[in-house]
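Before any comments, here is the structure.
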Amino acid sequence: MRITWEAAARTWRRLGWSLRPNHGARELDEEMRFHHEMLTRDFEAAGLSPSDARDAARRQFGNALAMRERGADAWTFAWLDDLAHDVRFGLRQLRRNPLFALIAIVAIGLAIGINSGFFTLIDTFAWQPIPVPHAEQLVRMAVRFDRGANSILFSYPQVQAIARNSQTVADALPLGRCSQVAFRSSASAAAVPATVACVSGNFFQSLGGSAAIGRPLVPSDERDDATPAIAISDGFWTRAFARAPDVVGRDVIVNGAHATVVGVIRANFVGFVPITPDFWTTLQAASRVGATPGALTDPTNQFIDMKARLRAGVTLERATAEVSGVIAAAPPPTVRADAPHVAGVELRANGSMLAMTWQMVLVLAPALIVVALVLVIACANLANLLLSRSLARQREIAVRLAIGASRARLVRQLLTESLLIAVLGSALGFQLGRWTVTIVSRMYFSNLPSTFGAIALDLRPSWRVVAYTVTLGVVSVLAFGLAPALQATGANLTGSLKGDDTMIGSRVRRSHLRDALISVEVAGSLVLLVAAAILLMSIRAIGTRDAGFEPERVSVASLGLSAIGRVPPALVDTRATFAFRAARVPGVVETARALDAPFTSWRLITLSATGGSYVRLPYNAITTRYFDVVGQRIVSGRAFTPEDSAAESAVAIVSAAAARVLWPSSSALGQTLRAAQRTDEPDKLYRVVGIAADAHAGMIWDSDDAGYVFLPATPKDFASFDMPLLARSDTPEPVLARAFEDIARQIDVNAPIHVEPAIAQRDFMLVPIRYGSWITSAVGAFGLGLALIGLYGVVAFAVEQRRHEIAVHVALGAASADVLRLVVRREMRLVVIGLVVGLALSLGESKLIEAWAVPLSPLGIGGFAALASLLLGVALVASVIPALGALRIAPMQVLRRD
Amino acid sequence: MADQKSELLPGTLEMLTLKTLSLGPLHGYGIAQHIKRISRDVLQVEEGSLYPALQRMQVKGWVKSDWRETPTKRRARYYQLTALGRKQLGVEETSFSRVVEAIGRVMRAEEA
């Protein structure tokens, strides 16, 4: 300990000294002048003349400047001085080759930028705590039953029990799943649909949501006797109120009931998820305006997502045990004796937006590898370039080594140059990464339908991102700077001094490092291009594959607000009237209504064939003419008839694939389906009356052998779900949409209507894949470009290095083709090695990509071969062009030089 | 003998300087003169070694300096010993004596 204390004290004194102006040089000067004067006086006293005395004194005194510097040396940090010197030297070197510096910095910057940007995305979603105070105290809850699956939905009585009785929960933060509402910003304004988040009064205070103007919701807003209070979002303030400054206190009309705007929440508030509703209100107020799917006090009405903030210092285990006890005492969700009973709750930490599970890692891993590859290629390139440059400076380095510079010192100096490039590149990359992520995410999210709500993403770079970027920079420096520096300074001194590297006969030291780097670059580029190709081909395939039905001329019309679980009877009638009139619009061929439109996510039903085990299959409740509208064939049996719907007869139609799953050895017609009910009622029985052709009617990533089940739509369906209208028509979609809108307005001027073609959903689903393919293609092209530039540089350098050899060959009568082959052969062999390695990696990579849920069409042998040939061809061109320079070597001139 | 400059034993400059300063604060010139005089001109300190040594000792905290007026009304930097320096003087003195004694024993040895 004593040692470090002394060192610390010394450093402290040094710091003090270095703060003095000019390191106290003037003081040292004065001190030495004094000494000099005294010596002069002594010599004068000994008998010399004044001028002689001065000279004698100066001679004795010695070199004042050297003394001063040596004195000052005691004070400075030696390594700091060295570093400053190296940095100045490195900057000078870079300035002398501005083109090289620019290319190097930009290449590294782009590569690091891509990595940094990608990591920022992961960081924001997976690691960054939700930007609320003390996010580590937040948990989400699920109801545990004594048998069966957990339920993430709570009823209001359960929420109240937890809020009132739990000792470990500091704040209960329920979030009700509420329907859209009809919103009128004033008594005279038209109604627009608005999304609402139903929360508790302590929501904003607990999550740190403050109001930009006015106030947020507070617990007193939960009282039943007050006018419903709403807090609007910044986006909604712009859309519905044109940012009117007097919005606070305004009387608005929600679903026909009066409410008051109490404030506008600040624009960058992010709650649990980055999706901002149009406005927030309390559960009580929402229930009063009919936005909740049922009465609040009804214990069977389970519609609330439950999150909570635990008290400081409470562990998850303790809270789980305690809340489980509380909820067991709450009114149960069902009164049936044989239903599963509430056993307790399950708590999970909710600190960040995405949980980092193994599946998430698997999904992200390929993308991470891809972007890391670009960095690898860039570093390999840069290393090659630096190698070439340092080999060109061989003589200079040899001289410096010969006159006594230590190898470590020289390596440090060369590394400093690389460090400069990496630092500048990292800074550039960091900024590029941020810009790219912001731009791309804004572009991406602007494509989402507005029913999602606005996205409020806070893409702040956290310290993790900075640390990651810095690490990448350091690793890059080591990757592309260290090896060339070591190799350059390990030179054969006398050989380099004499210019041995260009003499014939001496072993031209083949840089194995450089060879390996070329192969690495080529392999990396191939992997990138394969990824891009797979994605591009998948998009095409999805777009053009035979869906099994004809969605092209089908439109989907949704009338009225999307309700969850309970449709007001008036709306049921409105929709029926609309369907009736829409069928009679000129140009409409057929109409039908269905539970789910094509290309959306279909609900699942648990079924079994008689005697078989239960499976879960997607199903749809449809009216009679569904199959005609979507163009799906019935292969055997019959379609539904109007009598089936009216009489609620227990018939069903299955797709051919479902039939194979349920009855593998016999025909499905006439068989009985058993459908398990949600409560403990006995299975409902259906008789199969028809088999439909296979179709990709659900989400695009459902596997090809998914079966579907169709049931006739019942009045209960119409009373509980939206049941959008599907229409096949001959007229173009915009004309049809306008006709539908007119009809809707005639029936009910306030009900919003939304018409879109059926394939719009499918294309929307393709958006992330499309983005992925663009990005991968861009990245792949970038990587390829880098590799090609590197290859060009390497061949050009090889030509330069071997000009003696070439000159001899030419002098001895080699043909041009022979010379070219001589120069290019070694490099092309490396390229081929790289391609082979790259192919092997790509095969593994496509297996990884298939682990994603998207049905990507794998690249056939032909595809791989095509890509590899493309790379080979391009590499050949990149090699031959500089090799042509070899042909221009005038042999006699070269041989006579040196 | 005045112009026969003997070299200081290596490593002893700092010890001699510390000892000099233990007798009282002095400027650089004074230190050099003192050593020269007391050693009867045997040990003559090179200015080129003295000042860097003084700086080093300042860094190590053995001496500290400040500017004062000389008796002849000139401005000069005076050095003085710190507590740490005093302790260091003792250490170096002990170590030096031990080495000298050991050398003496070797030189006086009559037989191998």
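None of the figures in this text is laboratory data; all of them are computed from the coordinates on show. Just so it is clear, the structure is predicted and the values come from calculations on it, not from any experiment. We place every Cβ from the backbone using ideal geometry, glycine too, and count neighbours over all the protein chains shown.
Assorted remarks:
- Sorted by Cβ neighbour density within 10 Å, fewest at the top, the residues B:LYS36, A:LYS307: B:LYS36, A:LYS307
- Relative protection proxy for A:476-484, A:615-623, A:820-828, B:100-108, from highest mean packing down: A:476-484, A:615-623, A:820-828, B:100-108 (other beta-carbon atoms within 10 angstrom).
- Considering only the Cα atoms of segment B:31-73, their convex hull presents on average a projected area of 4.0 nm².
- Dimensionless Rg over Rh [segment A:181-223; C-alpha; Kirkwood]: 1.07
- Inter-chain Cβ neighbour count for B:27-36, averaged per residue, equals 3 (cutoff 10 Å, partner chain atoms only).
- Other residues lying with their Cβ under 12 Å from the Cβ of A:LEU673 contribute a combined charge of +2, Lys and Arg counting +1, Asp and Glu -1.
- Per-residue average of Cβ from other chains inside 10 Å of B:44-51: 5
- Per-residue HN-Hα couplings for segment A:873-879 [Karplus 6.51, -1.76, 1.60; θ = phi - 60°; Hz; x = Gly/Pro]: x, 5, 4, 4, 4, 4, 7
- FRET efficiency for A:ARG409 and A:ALA570, using Cβ-Cβ distance with R0 set to 56 Å, rounded to 0.05: 0.05
- Point-to-point label distance, A:LEU48-A:ARG318, nm (Cα→Cβ direction, 7 Å offset): 8.7 nm
- Förster-model FRET efficiency, 56 Å R0, A:GLN431 and A:MET892, C-beta, rounded to 0.05: 0.55
- Of all lysines in the structure, the ones whose alpha carbon falls short of 27 Å from that of B:LYS19, not counting any fewer than 8 places away in one chain, are B:LYS5, B:LYS36, B:LYS60, B:LYS64, B:LYS73, B:LYS87.
- Each residue, A:ARG41 and A:ALA8, gets one label point 7 Å from its Cα in the Cβ direction; the gap between the two is 4.5 nm.
- Where only alpha carbons of segment A:112-261 are counted, the Rg and the Dmax (Å): 19.0, 59
- Placing a label point 7 Å from the Cα of A:ARG243 along the Cα-to-Cβ direction, the residues of segment A:177-219 with a backbone N closer than 17 Å are A:212-214.
- Lysines whose Cα lies under 20 Å from that of A:LYS684, excluding same-chain neighbours fewer than 8 positions away: A:LYS716
- Most to least packed among A:325-332, B:55-62 [average Cβ atoms within 10 Å]: B:55-62, A:325-332
- All other residues whose Cβ lies under 12 angstrom from that of A:ALA878 are scored, Lys and Arg at +1 and Asp and Glu at -1, for a net of -2.
- An ellipsoid equivalent to chain B, defined through the eigenvalues of its Cα gyration tensor, has semi-axes of 29, 18, 11 Å when rounded to whole angstrom and sorted largest first.
- The mean count of C-beta atoms from other chains within 10 Å of the C-beta of residues in A:28-37, rounded to a whole number, is 5.
- By the beta-carbon count within 10 Å of each Cβ, the least crowded to most crowded order of A:PHE549, A:PHE61, fewest first, is A:PHE61, A:PHE549.
- At R0 = 45 Å, FRET efficiency that the Cβ-Cβ distance of A:ARG638 and A:ASN150 yields, to 0.05: 0.65
- Net length available on complete extension from A:ASP742 to A:VAL399 is 114.6 nm, with 0.36 nm assigned per residue and the Cα-Cα distance removed.
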